[in-house]
Ligand SMILES: Cc1ncc(COP(=O)(O)O)c(C=O)c1O
């Protein structure tokens, strides 16, 4: 594509944006899939699966090599001993989500972490039994909350409060969330919401929700799947009680990668808090006394929510990605992200006679990388056409296309190329 389209930026201008952005792209540190003609795909799917950081292979190979050479001795003798491998993420993980090192642990998968954390932070008692969530929520969260209640003999229909967008609106109104919390009052045991909504990309006001929840005596936690590595978080300062996230989206740690969990210091150090325990949550100094010690001694940190010994091979790639987050810094990444997403929105809105609208909020504090686009007509068919032209994005029935220019590896040119294809498929932009 070499020509400018009326209303959209011209290609030379877009390339200048890429050359002069104050925060340089790290694209050359990632494997970007290519099309059959050898050109890069327009990869806008970091909200689903982030790309491979090239050094991830080295971190994985290191583990494979040490396993080959050392066998079981790798637990203590590997360059990064497997026994304490999870500890390498403490500092980096805490920077990522705005926490203290004792508040963060990488473990398991996201939904499992939500279940483990709800065991500690959903403690229905007397008339305080309600759980508050948002709709639309990711299905796994819905199933998690419903079955968590059922497992305790409570009826989900009776005990779950759902806050929805108002009629005619795509996104949640913060005032409505706060009002629902206040209305639930002392019947509310726990709030569990997506910090960034999976469908619309809306960023919730987590600080305000935590404050409102605490005012009525509830625990407050967030599913941060679409937030971690996307928007700056200050979980400790916001006083959030618990949180969990996956690492395969914006954190680029690979399919099914190790997930993360946050437990606020005031709970992390409370060893009396009920939890589902396993040996890896036990004090590492006595962990190997095995049958000699049958009493669980929780480590006074988020580590004590670990149950099993962690999957080292699924942790290794995360190191590569977090190195890059550290090299750039979350604040710089966010500034680049805001420029990319604003540019993408402008380009999409410059398309003449477009048959779509962007449902993600426009205000900077209410969105991250992702833009969600609600399309008129046969959305699925048109999306498949765009895909065949080299776009990697995702489609959520009935009519939503989600795209996320991620600041580590996406460019202004990716945004422009995508907007042109949208203009040709869902507008009257010529080819
Ligand atoms: C918001 C949200 N919650 C939960 C999940 C489920 O994650 P997992 O399969 O890692 O448990 C996802 C996966 O994409 C998600 O986006």
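Readers should treat all values here as calculations from the given coordinates under stated rules, not as data from a laboratory. The structure presented is a predicted model; accordingly, all values stated were derived computationally and were not measured. Neighbour counts are summed over all protein chains in view; Cβ atoms, including those assigned to glycine, are modelled from backbone coordinates with ideal geometry.
List of remarks:
- Stretching residue 20 away from residue 61 to a fully extended chain increases their span by 11.2 nm, per 0.36 nm per residue minus the current alpha-carbon distance.
- Rg in Å to one decimal, and Dmax rounded to a whole Å, for the range 118-177 via C-alpha atoms: 12.7, 37
- Mean residue ellipticity (222 nm) of the chain, computed from DSSP H runs ≥ 4 via -39,500 (n - 2.57), nearest 500: -11000 deg cm²/dmol
- Convex hull of alpha carbon positions in the range 36-122: directionally averaged projected area 9.3 nm².
- Additional length obtainable on full extension of the chain from residue 292 to residue 215, 0.36 nm per residue less Cα span: 23.3 nm
- Footprinting exposure proxy for 205, 28, 326 (fewest neighbouring C-beta atoms within 10 Å first): 28, 326, 205
- Whole-number percent relative contact order across the chain, with pairs defined as alpha carbons under 8 Å at least 6 apart: 23 percent
- Percent of alpha-carbon pairs separated by more than 40 Å within the chain: 21 percent
- Shape call, the range 160-265: gyration tensor on alpha carbons, a/c limit 1.5: oblate
- 0 to 90° range, to nearest 10: angle between helix 330-349 axis and the chain longest Cα axis: 40 degrees
- Compared with the alpha-carbon gap, the fully stretched path from residue 54 to residue 396 is longer by 120.2 nm at 0.36 nm per residue.
- Where labels lie 7 Å past Cα in the beta-carbon direction, separation of residue 385 and residue 75 in nm: 6.0 nm
- Averaging Cα coordinates gives a centre for the range 247-283 and one for the range 90-131; these two points are 7 Å apart.
- Remark: 389, 107, 133 ranked as 389, 133, 107, counting other beta-carbon atoms within 10 Å and listing the fewest first.
- Percentage relative contact order, the range 327-399, counting C-alpha pairs under 8 Å, at least six apart: 26 percent
- Rounded to 5, the percent of DSSP beta bridges in the range 58-326 classed as antiparallel: 40 percent
- In percent, rounded to a whole number, the relative contact order of the range 173-288 is 19, using alpha-carbon pairs under 8 Å and six or more apart.
- Residues 358, 401, ranked from the fewest to the most other C-beta atoms within 10 Å, line up as 358, 401.
- With R₀ set to 25 Å, the beta-carbon distance separating residue 140 from residue 374 gives a calculated FRET efficiency near 0.65.
- With respect to the chain, whose longest principal axis is taken over its alpha-carbon atoms, helix 379-388 is tilted by about 80°.
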